[in-house]
1. So what are the ³J(HN,Hα) numbers for segment 13-23, from phi and the Karplus equation (6.51, -1.76, 1.60; θ = phi - 60°), rounded to whole Hz, Gly and Pro as x?
2. Summarise the long-distance tail of P(r) for segment 73-116 by giving the % of C-alpha pairs beyond 12 Å.
3. Can you tell me the relative contact order of the chain? Whole percent, Cα pairs under 8 Å, sequence separation 6 or more.
4. Report the net charge of residues surrounding residue 38, where surrounding means a beta-carbon distance below 12 angstrom and charges are Lys +1, Arg +1, Asp -1, Glu -1.
5. Just from its helices, what would the mean residue ellipticity at 222 nm be for the chain, if runs of 4 or more DSSP H residues each count -39500 (n - 2.57) and the sum is divided by every residue, rounded to the nearest 500 deg cm²/dmol?
6. With a 1.4 Å probe and all protein chains kept in place, how much accessible area does residue 143 have, in Å² rounded to the nearest 10?
7. Which entry in [x] 2, 9, 16, 19, 16, 10, 6, 5, 4, 4, 3, 3, 2, 1, 1, 0; [y] 1, 7, 15, 15, 13, 12, 12, 11, 9, 5, 2, 0; [z] 1, 10, 18, 20, 18, 13, 10, 6, 3, 1, 0 matches P(r) over Cα pairs in 5 Å bins from 0, in percent derived from the coordinates of this structure?
8. Pairs of Cα atoms under 8 Å, at least six residues apart: use those to get the relative contact order of segment 6-86, whole percent.
Amino acid sequence: MAAKRAGLDALDLRILRLVAEHPRSGLLEFARLLGVARGTVQARLDRLAADGVITDFGPGLSPAALGYPVQAFTTLEVQQASREHISRTLAAIPELIEAYIVTGPGDVWCRIAGRDHEHIQEIIDHMLTIDGVRRSTTVITLSTVVPHRVLPLAARAAS
């Protein structure tokens, strides 16, 4: 097994941009666009995946297009001893898009998606029934200013 190489180089960044911008293209097309051998692209992608830089090759899905246009961020205050149980129970909620244990006010930040405001309320009410969850604070999103992105960070890492 090859040793992990720290950081990204210019070719890694070009490959990451192509994969992000043209996810349905194949290795031969990437190799042609980059001017390198198909095996080079494959080896780089394999290394980037093995190093944990690439975490997913799946399609990005839109909650709104799936019928869940309302998103909210909910902060849960929890009993610290119950964190493991709470994490497992939260993972079983399909409308929970992501959750993080955080420092500062609140203990767990959750991003949820619902069909409408009433559905968001139902999701929050369900979260409040989890043993160890003390209270919640929620804000509803109005619009997306900057969508989830990592390529600018990859560019910074490669420079």
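1. For segment 13-23, the Karplus-derived couplings read 5, 4, 5, 4, 5, 4, 4, 5, 7, 9, x Hz, x marking Gly and Pro.
2. Values: 558 of 946 pairs.
Counting pairs separated by more than 12 Å, the tail of P(r) holds 59 percent.
3. Working: 172 pairs, mean separation 43.5, N = 159.
Taking the mean separation of contacting Cα pairs over the length of the chain, I get 27 percent.
4. Numbers: positive: 32, 44; negative: 29.
With Lys, Arg at +1 and Asp, Glu at -1, the neighbours total +1.
5. Working: 6 runs with 62 residues, N = 159.
That comes out to -11500 deg cm²/dmol.
6. 90 Å²
7. This structure yields the entry labelled [y].
8. Values: 23 pairs, mean separation 12.8, N = 81.
Here the relative contact order equals 16 percent.
The values are calculated or read from the model by the stated rules, or taken from the named source; none is laboratory data. Note that the structure is predicted; figures quoted are calculated from it, not measured. Note that we place each Cβ from the backbone using ideal geometry, even for glycine, and neighbour counts take in every protein chain shown. The accessibility values were calculated without ligands, DNA or RNA, using every heavy atom of the protein model including side chains. Shrake-Rupley method; radii C 1.70, N 1.55, O 1.52, S 1.80 Å.
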